[in-house]
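All remarks here apply to the structure that follows.
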Amino acid sequence: QVQLVESGGGLVQAGGSLRLSCAASGNIFRISTRNWYRQTPGKQRQLVAAITAGGSTTYADSVKGRFTISRDNAKNTVDLQMNSLKPEDTAVYYCTSRVYGTDYWGKGTLVTVSS
């Protein structure tokens, strides 16, 4: 199993930046893809960004050019740098890690962007 703990959420004004971090523990040597999702009340969970074990990245269209996902395999962390934040980025952000086809989830961290 893998345990994930997110940090870095908070309140920021529109146009500002935040950096989310997710630390993994447990069966970390088997982690492949790592993702960041977000969810707001009444909406489906959205995949924001993904990074493979080899470092390939993908992003939701709504965050391209503003968000950057990165991972440090030595530290077992995956970060999400969020710039030019908009009120519509307000959500609970979750990190996930895949091990042998099973996705493990953190408990989430709240990001609130004020206008």
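Thr57 versus Ser70, label points 7 Å from Cα toward the beta carbon: distance in nm?
Going from the Thr57 label point to the Ser70 one covers 0.8 nm.
Any idea what diffusion coefficient segment 1-99 gets from Stokes-Einstein, in µm²/s, Kirkwood Rh on alpha carbon pairs, 10 °C, 1.306 mPa s? All intermediate terms of the calculation are to be shown ahead of the outcome.
Details: Rh = 13.7 Å.
Rounded, D is 116 µm²/s.
Which whole-Hz couplings ³J(HN,Hα) result when phi for each residue of segment 59-76 is put into the Karplus expression 6.51 cos²θ - 1.76 cosθ + 1.60, θ = phi - 60°, listed in order with x for Gly and Pro?
Values per residue, Gly and Pro as x: 9, 5, 4, 5, 10, 4, x, 10, 10, 9, 9, 8, 9, 10, 5, 5, 9, 6 Hz.
Counting only the backbone N, which residues of segment 1-21 are under 17 Å from the spot 7 Å out from the Cα of Tyr100 toward its beta-carbon?
1-3
When a/c reaches 1.5 or more, the comparison of a/b and b/c decides; with that in mind, is segment 61-115 rounded, prolate or oblate per its Cα gyration tensor? Kindly include the intermediate steps, with their values, before the conclusion.
On the way: a/c = 2.24, a/b = 1.70, b/c = 1.32.
Prolate, because a/c is 1.5 or more and a/b exceeds b/c.
Pull up all non-local amide H partners of Ala53: gap of 5 or more, or a different chain, and H-to-H distance under 5 Å with H placed in the peptide plane.
Residues meeting the amide H criterion: Thr33.
What size of dipole, in debye to the nearest 20, comes out for the chain about its Cα centre when the only charges are +1 on Lys and Arg C-beta atoms and -1 on Asp and Glu C-beta atoms?
100
Using +1 at the C-beta of Lys and Arg and -1 at the C-beta of Asp and Glu, which of Val113, Leu20, Gln46 has the Cα lying farthest in the positive direction of the dipole of the chain?
With unit charges placed on the Cβ atoms, the residue in question is Gln46.
For Gly108, enumerate residues with amide H under 5 Å from its amide H, sequence gap 5+ or separate chain, H modeled in the peptide plane.
Glu6, Cys95
Just to be sure I understand: if I project the alpha-carbon convex hull of segment 19-62 onto a plane and average over all orientations, what area do I get in nm²?
Spelled out: convex hull of the Cα atoms, projected over all directions, averaged, 4.3 nm².
Enumerate the lysines that Lys75 could reach by cross-link, defined here as Cα to Cα under 25 Å, with residues fewer than 8 away along the same chain left out.
Partners within reach: Lys107.
What are the ³J(HN,Hα) couplings of segment 108-115, residue after residue, when phi is run through the Karplus curve with 6.51, -1.76, 1.60 and θ = phi - 60°? Round to Hz, x for glycine and proline.
So the Karplus estimates, Gly and Pro as x, are x, 9, 8, 10, 10, 10, 8, 8 Hz.
Which of the trypsin sites (Lys or Arg not before Pro) across segment 51-85 are loop residues per DSSP, with 13 or fewer other Cβ within 10 Å?
Details: sites: Lys64, Arg66, Arg71, Lys75; in loops: Lys64, Arg66, Lys75.
Hits after loop and neighbour filter: Lys64, Lys75.
Applying the Karplus parametrisation 6.51 cos²θ - 1.76 cosθ + 1.60 with θ = phi - 60° to the phi angles of segment 79-85, what ³J(HN,Hα) value in whole Hz is obtained for each residue in order, glycine and proline being reported as x?
Taking θ as phi minus 60°, the curve returns 10, 10, 8, 10, 10, 6, 5 Hz for segment 79-85.
Each reported figure results from applying straightforward, stated rules to the coordinates on display, with no laboratory input. Here the structure is a predicted model, which is why all the values come from computation and not from measurement. Counting neighbours? That spans all protein chains shown, and the Cβs are built from the backbone with ideal geometry, glycine included.
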